[in-house]
1. Name the lysines eligible as straight-distance cross-link partners of K544: C-alpha to C-alpha under 23 Å, and not fewer than 8 places from it in the same chain.
2. Before rounding to the nearest 500, sum -39500 (n - 2.57) across all DSSP H runs of length at least 4 in the chain and divide by the residue total; then give [θ] at 222 nm in deg cm²/dmol.
3. Pairs to check: K462/K484; K179/K365; K412/K457. Give those whose C-alpha atoms are more than 30 Å from each other in this structure.
4. Which helices, taking whole DSSP H runs in the chain, have alpha carbons extending 20 angstrom or more along the helix axis plus mean Kyte-Doolittle at least -0.5?
5. Using the Cβ atoms and a cut-off under 11 Å, what net charge is assigned to the surroundings of L382, where Lys and Arg are +1 and Asp and Glu are -1?
6. So, in nm, how far is label M437 from label D546 when the simple model puts each one 7 Å beyond its Cα toward the Cβ?
7. What GluC sites (Glu not before Pro) does region 277-348 have in DSSP loop regions with at most 16 other beta carbons within 10 Å?
8. Can you give me the relative contact order of region 131-206 as a percent, contacts being Cα pairs under 8 Å and 6 or more apart?
Amino acid sequence: MSKIPGLDVRVVEAGQADGETDGTRLFSALGSTLADVPSDRIAGVVMITDGRVHDVPADASALGFAAPVHALITGNKDERDRRVALIAAPRFGIVGQPQTVTYRVEDQGATEKTAEVTVRRDGDVVDTRTVPVGVPQSIAIPIPHGGPNIVEIEASALPNELTQVNNRAVVSIDGVRDKLRVLLVSGEPHAGERTWRNLLKSDASVDLVHFTILRPPEKQDGTPINELSLIAFPTRELFQQKIDEFQLIIFDRYARQGVLPIIYFDNITRYVRDGGAVLVAAGPDYASPTSIWRTPLDAILPAEPSGNVTEQAFRPTLTELGERHPVTRGLEGSDFSPPHWSEWFRVVDTRNANGTTVMQGPDRKPLLVLSREGEGRVALLLSDHIWLWARGFEGGGPHLDLLRRLSHWLMKEPELDEEALRLSVNGHDLVVRRQTMADQVADVTLTSPSGTTRTLKLDPTKAGVWQSSVTASELGLWRATDGKLNALVNIGPANPREYAEVTSTTAVLAPLSNATGGDSRRLDDGSGLNIPRIVAVRSGDTYKGDDWIGLKMRDASVVRGIGVLPVFAGLLGLLLLLGSLAGAWAREGR
């Protein structure tokens, strides 16, 4: 084209995946390139592409110029490819309830009738099956936790297919908890009882059932039952029939008063080991002969009472493990020594603590102990003075953060797991974050959507948190693993249009090319590479031939500048004037 006189050639590369744009947008790039060119100076457009363009104008008049558009298509006619197309996929799902995803395996240029499909959730295989090609399929996906549940549907590869990137479809289903059911059982009334109630009632996601033991069975005053305004404690219903419906059971200063038979404590122990959670907020009751330690709960409680209670002023502090644990890490005021929060005045002495002590009292006595028992979790708070923080005594303390994190950890919220590997997107960066209780972490292997891998060394950012980041240069599903933990995140659309159809075609651009007098043809039609000649065409409506494509020559000119030169000035002007006079005199003399 550069050999055609008067032709100004502009070359632009467009359509590359940049981590943000969904699909190939050549005409958007064309509009930006020609924005400063008058429409009557445009001779034509030549595109070298696979033909899969996603912003083709519906009408040639939308181009803004009257010139031929030519498409030179790369690729071959006999290309093969397989892809997984999503038909219906939910964005949200109730935790504990399966969600249905509908998909279809589609082949281009292939004759296979079936494909093997593997379905994974968060990297774990959920289902493997053989399905017919082209027929919609449905599968129920369990939603076990809140937050993103990454579902992959991957079809087996075709022989000699163009790419396997689009053999996988990705769905991110956000798990939403319906209602977190919490049972709060308060023993004798005390100043901190309403602290727990107010906290749980203020959380819209919590369905609270609260009972306070005001009238133990041995306390009888002769009042007829039908005249009592108190509600009888439905022990059998709660601790035998419906115990598995609760995500958390809290005993607040509860001591054995004959209300709960011993068999119900056996039920609670089983409930925890099967995946439930128990929190004991203890006071002097825990050290007394009626302590709930002296029940079958002793098998799951993380510390044994010594029988003594220390009553002295002290400031709760974080242990070394507590500085790393997500329940207590970074609590407001904990960065100072002593911490910037008010004092407490009582702690129950214990021995044989076998859980993780994250907070301590005077003389490093355990104050908050966390433990995992079977599939469930247990927390033991060995003081009933957290209400001093809630009342703002001497400035108070971070009771809301502490109690909310504690209850959410017990109910297995993923963001509060001690050991976790996570991927997140921050602008153009992919952030790898490792949460751990250990002193060191292993390197992380990061795999891009195209399958390339790299090893990342994580750097400590704060106690218990290690992190690194890279530029997210590809759309699709990224994976990270440190050999034990895995993490996934999808960047951009779940199923990019760029990979929906990857075989080359002349059909997409042909209507627009024909409407402008141009051509859409393959560079290789099976007989070898055939690059057409580019010809300057002065007039006509067709700008193509068997072995050539044409550009519309406009004969347009551009005024680059204007210069003014006086004719009759100086010696040159005098000579011109004398010459003119001599010529006139000679003519008149004849």
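1. Output for K544: K3, K77, K552.
2. On the way: 7 runs with 71 residues, N = 590.
Roughly -3500 deg cm²/dmol at 222 nm, from the helical runs in the chain.
3. Working: K462/K484 22 Å; K179/K365 36 Å; K412/K457 28 Å.
Over 30 Å Cα-Cα: K179/K365.
4. Values: long enough: 570-589 (29 Å, 1.21).
Answer set is 570-589.
5. Values: positive: R346, K365; negative: D349, D384.
Residues close to L382 contribute a combined charge of 0.
6. Distance between label points: 8.1 nm.
7. Details: sites: E311, E320, E323, E332, E343; in loops: E311, E320, E323, E332, E343.
Qualifying residues, ordered by number: E311, E320, E332, E343.
8. Details: 56 pairs, mean separation 21.1, N = 76.
Rounded, it is 28 percent for region 131-206.
Read the figures in this text as sums done on the coordinates, not as results from a lab. Note that the structure is a prediction, hence the values are computed from the model and not measured. All Cβ positions, glycine included, derive from the backbone under ideal geometry; neighbour counts span all protein chains shown.
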